[in-house]
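Here's the structure, in structure tokens; my notes come after.
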Number of protein chains: 4
Amino acid sequence: MKALSKLRPERGFVMNEVPVPSLGPTDVLIRVEKVGLCGTDHHIYAWDKWAQQRVKPPLVIGHEFMGTVAAIGSAVRSVQIGERVSAEGHIADLTCLLCRTGEAHICERVEIIGVDRDGAFAEYVAMPEYNVWRLDPAIPDEFAAIFDPLGNAVHTVMSAGVSAKSVVITGVGSIGLMAIPVARAAGASAVYAIDVNPAKLELATRLGADETFLATDPGVVADVRRRTNGDGADVLLEMSGSGSAIDTALKIVRNGGRAALLGIPSDNVNLNLAELIIFKGLTVLGINGRRMFETWYQTQALVKSGRVDLRPIITSVLPFADFDRAFELIESGTEAKVVLDLKGDLAK
Amino acid sequence: MKALSKLRPERGFVMNEVPVPSLGPTDVLIRVEKVGLCGTDHHIYAWDKWAQQRVKPPLVIGHEFMGTVAAIGSAVRSVQIGERVSAEGHIADLTCLLCRTGEAHICERVEIIGVDRDGAFAEYVAMPEYNVWRLDPAIPDEFAAIFDPLGNAVHTVMSAGVSAKSVVITGVGSIGLMAIPVARAAGASAVYAIDVNPAKLELATRLGADETFLATDPGVVADVRRRTNGDGADVLLEMSGSGSAIDTALKIVRNGGRAALLGIPSDNVNLNLAELIIFKGLTVLGINGRRMFETWYQTQALVKSGRVDLRPIITSVLPFADFDRAFELIESGTEAKVVLDLKGDLAK
Amino acid sequence: MKALSKLRPERGFVMNEVPVPSLGPTDVLIRVEKVGLCGTDHHIYAWDKWAQQRVKPPLVIGHEFMGTVAAIGSAVRSVQIGERVSAEGHIADLTCLLCRTGEAHICERVEIIGVDRDGAFAEYVAMPEYNVWRLDPAIPDEFAAIFDPLGNAVHTVMSAGVSAKSVVITGVGSIGLMAIPVARAAGASAVYAIDVNPAKLELATRLGADETFLATDPGVVADVRRRTNGDGADVLLEMSGSGSAIDTALKIVRNGGRAALLGIPSDNVNLNLAELIIFKGLTVLGINGRRMFETWYQTQALVKSGRVDLRPIITSVLPFADFDRAFELIESGTEAKVVLDLKGDLAK
Amino acid sequence: MKALSKLRPERGFVMNEVPVPSLGPTDVLIRVEKVGLCGTDHHIYAWDKWAQQRVKPPLVIGHEFMGTVAAIGSAVRSVQIGERVSAEGHIADLTCLLCRTGEAHICERVEIIGVDRDGAFAEYVAMPEYNVWRLDPAIPDEFAAIFDPLGNAVHTVMSAGVSAKSVVITGVGSIGLMAIPVARAAGASAVYAIDVNPAKLELATRLGADETFLATDPGVVADVRRRTNGDGADVLLEMSGSGSAIDTALKIVRNGGRAALLGIPSDNVNLNLAELIIFKGLTVLGINGRRMFETWYQTQALVKSGRVDLRPIITSVLPFADFDRAFELIESGTEAKVVLDLKGDLAK
């Protein structure tokens, strides 16, 4: 089958031929139809420091996808051939304390497809039955292909708890942007977005942000406090991973508020813990992945309700073969989310 | 001053002259401008069994209101003359375990204005500073006048937790109706309303219910399950107080779901606790009043967000003097919420 | 192999020869060493109304047990031959909303071993790998054999939340008795036990109850209130299933308190919901089974800490062959928990 | 009256004569009987950088105390002359969002007695009625005098939630030491203490720590993991305020665990947020003061249960006049908690 692979320790991907994955008794083989490009994929494409340390070529990349079940292992009971599915890309060990207490998403021995083992940017991908998510017919293919990053946004929003609360989102890359309609649909009474990029802030407004602020504006802390009765925001969703954004953001959140950190700082962060966290009585939540499968149910419920419209976020849909152009678009900084379509392309 | 009073143990109210209330050092005198009529007021008007046991005439009635601060006691610090306010009508003792741990709304020694002591259907009412709520300018007078019952709806919705959840409301009297836009604004992914009255169900649809069901329809349990992937609703908001509604409603909520009970049954209820609560692993919440003042902040946030529009619920606004006509309207069963206006009336 | 079976729809069990269970790829075969007798087993032994409706002979009975892994299916990864194990006796479908969101214990399609399918009172039992619990070496065999009912007690205590709280337990059968040291170890500041049986109350005192009360004492509500600053108990653990006990118990718990219901009423219960639950702002929790596997981890942690000593509860340990005498003892009403030993017996 | 005062911006305190505080209508005058010395008092005594920035002499110092009500304001209802009391030393504004939603302990406009306004190391102190805590007769005077720091320990333990969990405490100064019996009484299944001071670790063992570790031991992370099934501790209580201790401690807590930070770092802390908090899915809680008055009720319940014995912590009780010797003892580093007795002394 065709697959998008990292073959050598250098920039770029190659479309090559690899064997169709073999199936164990509890595995499901999925014919891939649409995939989403993630920042992680681009790290591997660009072969940056993180990728060099983590990824061992050769590797089929990709973890955001949807498709149709093509075959099932002998012990699979919950999925049938022909069903439309997506899947959780974190393969947890399912035997540890975390996996057995509803926290498989932070299993210490987790492997991520397209990073630690072969991924989904291929005609077929094999997934454990446990990881497969049967798609509700009401979910469009494009949205289904990006349930993974949408799930990051939903997990962050739902962990923080936004019902009847004012929410600040720092960093509106694709997940930060998704978090805007998710937070509104989940009950936020006001959503403020902060970023360094004015184009992203415009998109934030289109997606439902009540107001947006440039991160470089020195008055941003005071501005948000003014809009929140002088108290500060109830909830922070940190999605930039920038140390200075985290510092500012923790100033914006009110005493007793909740701060969910999803953005991944590339270096250590130097913080005044006393003033920013301890005296304020903050609750700070580290957010990783998505809950299996509470987040998936929540994501489905929110999308089905019609209140999370992802169309403004999917800025390009390209044929699978155009992957190089897709990564060029991502590098241009103008895209929110790029989706690749394998159906039309592979029919050629 | 003029006041609407229960003077004798019989049906009806009388508009009479009573002294303006005196002020203690921690009290606030409020010039009343708009009031809301509650089912409780009608119980006292009609002088039913409950009213005969609880109410001791003579009594100024009423507890839903808004107005302007006319005078303050010597020790009052947080409110100024001229401010636009509403107030929490439950006067708690503020010294017991419950009051000192954030649960004053269920203080065992609470007194309710207009029921246990003189109320707000008068030119002036005196309230402890603790109970006064300063109104945000964005809140219209009519909405402010009914923050008390709206707060019941908000407290029920927020206690249950509806973010990304399917919600069933049984009983759409005025509080049940309010709970519909509140639940949607607070993040419910779907809201289903059930009642015996088709006119109320029409109003429920106008207020944002995704679907409505007649309580007499024998297929209602199966219908809601079908719309919730066969699982049943995540959350129940019981607002009818009817024993048979509670029995049906507990069948509709899914295993592991949450049921918030606000409706007050007039008699004991006969329940199959094993099948309806224990085996299902339900969480059942008794709901009383509103949290002081978490609920008030939530109510303000939701109304300010523009996502809780109460206009379809306020079916009549009448001059204060027309109180008898107002109770006639209520007895006709066609009204959702009736508001009386003291300003125009008393200017006469 | 030898097994204790219900062969015909009549009182009693028979020790008979049945085939050793066959193993699927994800199953584990366990050589049974010690088993605990449950009230459920006695219902089936006595062939009462419940048993006649639920149980379809022939059936190997029993669900409380521990033993050693004798064989594993081809896909089993987390358990090895020779390991000492117990197992969760609820076989959930693992594919529904509840199973996929950490609530497999209330899966609608659960099957219980020894009730709905062949059970553990046999030389061997086959369990899905998912259900197997590897025993810490610090857990004695007798305690391991009754991790199932101990887990009921732990799940009830932990769901209610007892840390720094006063706790009332109504009904001190074997699970109610276990709940006493569990509640103390889990942080209860005071534990009060109520029962109709003075002998059980004596045992309650030995197990650490601060004070005990006869359920027939008309002053019990006032007595507990007096010991709790006049407020009532913070937490109720209802383990009797008696309608009148539930009525009394809900009077004892304070406004805003939490009531966990584990005892199963045999009939409908007639309750003043308004006075007992709604006005009080109670949280009522239906409790069923044990959380997989949060409860098992908690149980292990509590037993390993040395703070939950079950020895006073295990009132008899008999050879497997003496099962009829064991059920006689249970019918005598003097026993707390009876354990059967298969090792010595089957070596004969 | 006699008072212990900071009169000039220099090291030391002076025992001087000051007027008995005047009483407002909602104030309570308390005859002080026993006081506890806090690290904060020592900062002011030593006149370090923090004290120089925060404290404005002249000031009566001290905030840990108990005594007897000597007079009450005209509007005081809940306290009577002659009652034995302690008091919350944080004077909150009681009108802001935080104060009105049960979070007065993190009110932005809080003033602390003995720091921002005159304190309790005097014959009399005046406190708002709201702040006064009536003491249960079962609480000994010495324990009552230190309910303030004990409340810090209780608030940290209860916020983290320790029931059936393994707990690591980093830093066993007086509050860290108190946290040991508190955590055990509140339900911890295991308590591990880490400090740089072997003498404090010995005291930790006497107070019930299961095991203690020198912070300088490079194997401490691995050691605790080994004792917790390889997972790491469920809960961290950080009470050292040391940046390197926080770094180590966050490595010790398991994925999905909870970390409560009470210790106050004197400088910024440089953290690998990605590895220590985000990927691990930690919940980090900033802890400040004590909840009014939930923590006080919990503290009373725990002490009354007999399971929190503070005697090993109160290492010296001296007459009030010996305050200089008391601070010398504190500076020697050998003391856990020093209490001063005003009764005997002032009778001289």
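Rule-based calculations on the coordinates, nothing more; no lab input. Computed from a predicted model, the values in this text were never measured in an experiment. All Cβ positions, glycine included, derive from the backbone under ideal geometry; neighbour counts span all protein chains shown.
Here are some notes:
- Each 10 Å bin, from zero up to the one with the longest distance, holds this percent of the alpha carbon pairs of the stretch B:143-236: 18, 51, 28, 3, 0.
- All-pairs Cα distance distribution in the stretch A:164-299, expressed in whole percent, bin size 5 Å: 2, 11, 21, 25, 22, 12, 6, 1, 0
- Along each principal axis, Cα extent of the stretch D:185-224, largest first, Å: 30, 23, 10
- Gap separating the Cα centres of the stretch B:2-33 and the stretch C:1-55, nearest whole Å: 72
- With all pairs of separate Cα atoms included, the stretch D:198-260 yields a Kirkwood hydrodynamic radius of 12.2 Å.
- Net lengthening on full extension, C:N272/C:K49 (0.36 nm per residue, minus Cα-Cα): 77.4 nm
- GNM result for chain A, Cα springs below 10 Å: residue of A:A249, A:A126, A:A222 fluctuating most strongly: A:A222
- Kirkwood hydrodynamic radius (C-alpha pairs) into Stokes-Einstein, the stretch C:225-307, 4 °C and 1.567 mPa s, D in µm²/s: 91
- A convex hull fitted to the Cα coordinates of the stretch D:50-98 yields 158 cubic angstrom per residue.
- Residue by residue along C:163-169, Cβ atoms of other protein chains within 10 Å of the local Cβ number 6 on average.
- Solvent-free Debye scattering, log10 I(q)/I(0), computed from the Cα coordinates of the stretch C:108-171 at q = 0.12 Å⁻¹: -0.48
- Above-threshold pairs, the threshold being 25 Å between Cα atoms, out of D:K2/D:K304; B:K49/B:K343; A:K200/D:K251; B:K280/C:K280; C:K56/C:K343; C:K2/C:K56: D:K2/D:K304; B:K49/B:K343; A:K200/D:K251; C:K56/C:K343
- The stretch C:40-136: projected area of the alpha-carbon convex hull, averaged over directions, in nm²: 7.2
- Figure legend: label point modelled 7 angstrom from the Cα of B:E211 along Cα→Cβ; no residues of the stretch C:91-107 have amide N under 16 Å from it.
- Rg and Dmax [Cα atoms of the stretch C:56-198; Å; Rg one decimal, Dmax integer]: 17.2, 53
- Shielding score for D:94-100, defined as the mean number of other chain Cβ atoms within 10 Å: 6
- Prolate/oblate/rounded label for the stretch D:76-133 (Cα gyration tensor, a/c 1.5): oblate
- Put the Cα centre of the stretch C:195-211 next to the Cα centre of the stretch B:167-204 and the gap is 48 Å.
- Local net charge near C:I287, Cβ-Cβ under 11 Å (Lys/Arg +1, Asp/Glu -1): +2
- Convex hull per residue volume in Å³, alpha carbons only, for chain A: 133
- Shown here is the pair-distance distribution of the protein assembly as shown: with all Cα-Cα distances grouped in 10 Å bins from zero up to the longest one, the shares run 1, 8, 15, 20, 21, 17, 11, 5, 1, 0, 0 percent.
- Dipole magnitude for the stretch D:272-327: about 220 debye, using +1 per Lys or Arg Cβ and -1 per Asp or Glu Cβ, origin at the Cα centre.
- Compactness index (Cα Rg / 2.2 N^0.38 Å), the stretch D:152-207: 1.00
- Summed residue charge, Cβ within 9 Å of B:E88's Cβ, Lys/Arg positive, Asp/Glu negative: 0
- Two numbers describe the Cα atoms of the stretch D:265-348: Rg and Dmax, which are 19.7, 62 Å.
- Largest first and in whole Å, the equivalent-ellipsoid semi-axes of the stretch D:1-94 read 27, 14, 13, each the square root of five times a Cα gyration tensor eigenvalue.
- Dipole magnitude of the protein assembly as shown, debye to nearest 20 (Cβ charges: Lys/Arg +1, Asp/Glu -1, about Cα centre): 0
- Nearest beta-carbon to the A/B symmetry axis - residue in chain A, distance in Å: A:G187, 1
- Counting, for every residue in B:302-308, the Cβ atoms of other protein chains within 10 Å of its Cβ and taking the mean gives 4.
- Helical runs (DSSP H, four residues minimum) scored at -39500 (n - 2.57) apiece and divided by the length of chain C put the mean residue ellipticity at 222 nm at -8000 deg cm²/dmol.
- Modelled FRET efficiency - R0 30 Å, D:S244 with D:A222, Cβ distances, 0.05 increments: 0.95
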